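Nothing in this text is a laboratory measurement; each read-out follows from the coordinates by a stated rule. As the structure is a prediction and not an experimental result, all values here were calculated from the model. Note: ideal-geometry Cβ built from the backbone for every residue, glycine included; neighbour counts use all protein chains shown.
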2 protein chains.
Amino acid sequence: MKIAVLGPKGSFSHQAGLKHNPHAEIVFRNTIWYVFEAVKNMEADIGIVPIENSLSGTISATLDALTDFDFNIIDELLLPIKHNLAGAGRIEQIKVVYAHPQTLSQCEKFIRKYLPDAEIIRTSSNSKSAEIIAKKHEKNKAAIVSQEAAEIYNLNIIKKNIQDSPYNVTRFVAVGADKAKMTGKDRTSISIYPQVDKPGLLYNLLGEFANNRINLTKIESRPSKGKLGDYLFFIDLEGHIDDENVREAIDTVRKVAIVKMLGSYPRAY
Amino acid sequence: MKIAVLGPKGSFSHQAGLKHNPHAEIVFRNTIWYVFEAVKNMEADIGIVPIENSLSGTISATLDALTDFDFNIIDELLLPIKHNLAGAGRIEQIKVVYAHPQTLSQCEKFIRKYLPDAEIIRTSSNSKSAEIIAKKHEKNKAAIVSQEAAEIYNLNIIKKNIQDSPYNVTRFVAVGADKAKMTGKDRTSISIYPQVDKPGLLYNLLGEFANNRINLTKIESRPSKGKLGDYLFFIDLEGHIDDENVREAIDTVRKVAIVKMLGSYPRAY
């Protein structure tokens, strides 16, 4: 089995891929879009991409790719995320910090407290940050990296677990052409694009789920790439599309909104 | 009047500050958090920060700062955003592109189509991208920058308006210690943190607004920085907190949720 993930080697996506299937061949891509393309072009059987983090929130590139491609979410995985400050110097010596923007936003409080005057240089991945620091090996430069990346690049860890909360988890989804069977403990993800503009429409739509005793676990508005105020809604709910109440609620919503099924899959929490 | 914005000079935030008050003294800060700090420390009268973009969505650092500081939104501004590819070479020669992550996500389709193999280097601001390219002046390097930044750094524009949609608008909010008076065409922003965990609670909360004929213009869930599935909801609605129906709805919601008033202000659309 081939799984496409965000590279490079040692990334959290790499770990998520191996967690889904320890024997899989992992195929690395540069962006979330190219992970989806790899599945479309059959260079991989499935793709595994981050969809939200408990500190920094939704990964919008994934919501956009789910909208633009026609795949199903077939599984979700939770991965605890720990960040470390790594480099050759001591914390007092550091003037420059390399970090991926998403990582940075999970360590904002640490940076404000301990490195308020450091120059921040954004990188394309945590592994890239590690690679830069391994090459430079200067005492006044550091990178924010995972334990795995620090090991791969043989970096000294200056301070462990610098993320803003001990509970920092990223939720990944596996996407592919197949569908996941009902397990009895499932989640369904859909996007809703209302076709009628009137006060209370969203409320009425949500009412369909409440009336069918369906628990919503997430709701998020995203600009529909038209004008501000024109939103798509991404909704996660408990249940499988093959559950009668879920199917009924979604069929009713379809009367006033374009509904895109993003998948029903076993839920991880 | 002093207005704190995200720097450096020539940033879209700079333009938004001058749009709010052409005679203001603009004070530049490095992050959204430090813009709020500048207001708190009275180094500026108000701060102006981006809150959402029609292509790339919510700016989560602003939602987090609105949660952590106690200021009011007193105004909102819409700024059309146009991006340009600038540098010394021709498009066929470009191997490296410098861009701010937010800018990059608004030009993803252009990059995929015209520069799929270019190395992408993320920067801390559009002006920083322009500064780097101005210094390097190599034909195989380019930056994604605004018209203003290209002018300040005297850059050649290779391709104009490369954002993924002709309609690309960023919404900014002005925040400060004062409150904005009712104008009759207002918006109110609140965050809601439900204190009861039961199916349909969000639906019931939204029902309070529907029953009071209040139109919701935005709803967004954000992880409450506790566990995944534990969300704060950011809601924008039409009306002013001094409107009787708005006050009544919010008072009712307070019975089952922690409500934080983020401000009532004249709406721009």
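Report the charge-dipole magnitude of chain B in Debye, nearest 20, computed about the Cα centre from +1 at each Lys and Arg Cβ and -1 at each Asp and Glu Cβ.
On the way: 35 positive and 32 negative charges, 196 e Å.
It comes to approximately 940 debye.
Near B:LYS255, which lysines are there with a Cα under 24 Å away, not counting those fewer than 8 places off in the same chain?
Partners within reach: A:LYS218, B:LYS198, B:LYS218, B:LYS225, B:LYS227.
In whole Hz, with x marking every Gly and Pro, tabulate ³J(HN,Hα) for the stretch B:203-217 from phi via Karplus 6.51 cos²θ - 1.76 cosθ + 1.60, θ = phi - 60°.
4, 5, 4, 5, x, 4, 6, 4, 5, 9, 6, 9, 7, 8, 9
For n ≥ 4 DSSP H runs only, could you compute -39500 (n - 2.57) per run for chain B, divide by its residues and tell me the 222 nm figure to the nearest 500? Each step should come with its number before you reach the end.
Details: 9 runs with 78 residues, N = 269.
Theoretical 222 nm ellipticity from helices: -8000 deg cm²/dmol.
So for the protein assembly as shown, taking the charge dipole from beta-carbon charges (+1 Lys/Arg, -1 Asp/Glu), which of A:THR188, A:PHE110, A:ASN140 sits furthest toward the positive end?
A:ASN140
Evaluate the charge dipole of the stretch B:186-266 about its Cα centre and quote only its size in Debye, nearest 20, assuming +1 on the Cβ of each Lys and Arg and -1 on the Cβ of each Asp and Glu. Write down the numbers at each step before the final one.
Working: 11 positive and 12 negative charges, 85 e Å.
Computed charge dipole of the stretch B:186-266: roughly 400 debye.
At A:LYS159, with labels set 7 Å past Cα in the Cβ direction, how many nm apart are the copies from this one, shortest first?
Inter-copy label distances (nm, one decimal, shortest first): 4.2.
Using a 7 Å offset from Cα along Cα-Cβ at A:MET42, what residues in the stretch A:145-180 end up with backbone N under 16 Å from the label point?
What the label zone holds, given the 16 Å backbone N cut-off, is A:176-178.
Report for the protein assembly as shown the percent antiparallel among DSSP-assigned beta bridges with both residues inside it, nearest 5.
Details: 89 of 119 bridges.
Beta bridges within the protein assembly as shown, antiparallel portion: roughly 75 percent.
From the phi angles alone, apply the Karplus equation (6.51, -1.76, 1.60; θ = phi - 60°) to the stretch B:47-52 and give each ³J(HN,Hα) in whole Hz, x where the residue is Gly or Pro.
Those phi angles translate into x, 10, 9, x, 10, 7 Hz.
Can you sort A:TYR231, B:TYR167, A:TYR98 by how many other beta carbons sit within 10 Å, fewest first?
B:TYR167, A:TYR231, A:TYR98
Determine the percent antiparallel among the DSSP beta bridges restricted to chain B, to the nearest 5. Kindly include the intermediate steps, with their values, before the conclusion.
Details: 44 of 59 bridges.
Percent antiparallel among DSSP bridges in chain B is about 75.
State, to one decimal in nm and shortest first, how far the label point of B:MET42 sits from each corresponding label point in the other identical copies (label point: 7 angstrom along Cα-to-Cβ).
List, nearest first: 7.1 nm.
Quick check: net charge around A:MET1, other residues with Cβ under 14 Å of its Cβ, Lys/Arg +1 and Asp/Glu -1? All intermediate terms of the calculation are to be shown ahead of the outcome.
Numbers: positive: A:LYS2, A:LYS19; negative: A:GLU25, A:GLU43, A:ASP45, A:ASP75, A:ASP178.
Once all neighbours under 14 Å are counted, the net charge is -3.
Which residues' amide hydrogens lie under 5 Å from the amide hydrogen of B:VAL169, considering only partners 5 or more residues apart or on another chain, with H built in the peptide plane?
The list, which skips near neighbours in sequence, is B:SER54, B:LEU55, B:ILE81.
Show the residues, 5+ positions off or on another chain, whose built amide H is closer than 5 Å to the amide H of A:LEU262.
A:SER189, A:ILE190, A:SER191
Just to check I understand the Karplus step: with θ = phi - 60° and J = 6.51 cos²θ - 1.76 cosθ + 1.60, what whole-Hz values come out for the stretch B:93-99, glycine and proline as x?
Per residue, the Karplus-derived 3J(HN,Hα) values read 8, 6, 10, 9, 10, 9, 7 Hz.
Can you give me the long-range amide H partners of B:ALA88? Hydrogens built in the peptide plane at 1.01 Å from N, cutoff under 5 Å, separation of 5 or more residues or another chain.
For B:ALA88, the qualifying residues are B:GLU138, B:LYS141.
Counting Lys and Arg as +1 and Asp and Glu as -1, what is the net charge of the other residues whose Cβ lies under 11 Å from the Cβ of A:GLY10? Could the numbers behind the result be given before it?
Numbers: positive: A:LYS9, A:LYS128; negative: A:GLU131, A:GLU148, A:GLU151.
Overall, the nearby charge balance is -1.
Can you give the FRET efficiency to the nearest 0.05 for A:GLN147 and B:ALA118, using r as the Cβ-Cβ distance and R₀ = 35 Å? Please report the intermediate quantities before stating the final value.
Values: r = 31 Å, r/R0 = 0.89.
In this case the efficiency is close to 0.65.
State the answer as a single residue: which of A:ASN204, A:LEU232, A:SER264 lies farthest towards the positive end of the charge dipole of the stretch A:186-266, with beta carbon charges of +1 for Lys and Arg and -1 for Asp and Glu, about the Cα centre.
Of the listed residues, the answer is A:LEU232.
What are the semi-axes of the equivalent ellipsoid of the protein assembly as shown, taken as the square roots of 5 times the eigenvalues of the Cα gyration tensor, listed largest first and rounded to whole Å? Present the calculation step by step, with values, prior to reporting the outcome.
On the way: eigenvalues 237, 193, 102 Å².
Calculated on Cα positions only, the semi-axes equal 34, 31, 23 Å.
By DSSP, what percent of the beta bridges with both residues in the stretch B:84-159 are antiparallel, rounded to the nearest 5? Don't skip to the answer; put the middle values down first.
Details: 6 of 13 bridges.
DSSP beta bridges in the stretch B:84-159 are roughly 45 percent antiparallel.
Using the C-alpha gyration tensor of chain A, what are the square roots of 5 times its eigenvalues, in whole angstrom, with the largest one first?
Details: eigenvalues 288, 87, 48 Å².
Semi-axes, largest first: 38, 21, 16 Å.
Using 27 Å as the Cα-Cα cut-off, could you pick out the over-long pairs in A:LYS109/B:LYS160; A:LYS82/A:LYS141; A:LYS82/A:LYS135; A:LYS82/B:LYS113; A:LYS19/A:LYS128? Please report the intermediate quantities before stating the final value.
Working: A:LYS109/B:LYS160 38 Å; A:LYS82/A:LYS141 20 Å; A:LYS82/A:LYS135 23 Å; A:LYS82/B:LYS113 35 Å; A:LYS19/A:LYS128 22 Å.
Table pairs above 27 Å Cα-Cα are A:LYS109/B:LYS160; A:LYS82/B:LYS113.
Note down the nm distance, to one decimal, between modelled labels 7 Å out along Cα→Cβ at B:LYS109 and at B:ARG90.
Modelled inter-label distance: 2.6 nm.
Once the label point is set 7 Å along the Cα-to-beta-carbon vector, what list of distances in nm do you get between A:ASN140 and its counterparts in the other copies?
So the distances to the same position in the other copies read 3.0 nm.
Between A:ILE157 and A:ASN30, how high is the FRET efficiency from 1/(1 + (r/R0)^6) when r is the Cβ-Cβ distance and R₀ = 35 Å? Nearest 0.05.
Values: r = 27 Å, r/R0 = 0.76.
After rounding, the FRET efficiency stands at 0.85.
In debye to the nearest 20, how big a dipole does the protein assembly as shown give about its Cα centre with +1 on each Lys and Arg Cβ and -1 on each Asp and Glu Cβ? Write out the running numbers ahead of the final one.
Working: 70 positive and 64 negative charges, 275 e Å.
Once rounded to the nearest 20, the dipole reads 1320 debye.
Which residues does a label at B:LYS19 reach in the stretch B:32-73, if reach means a backbone N under 12 Å from a point 7 Å past the Cα toward the Cβ?
B:49-54
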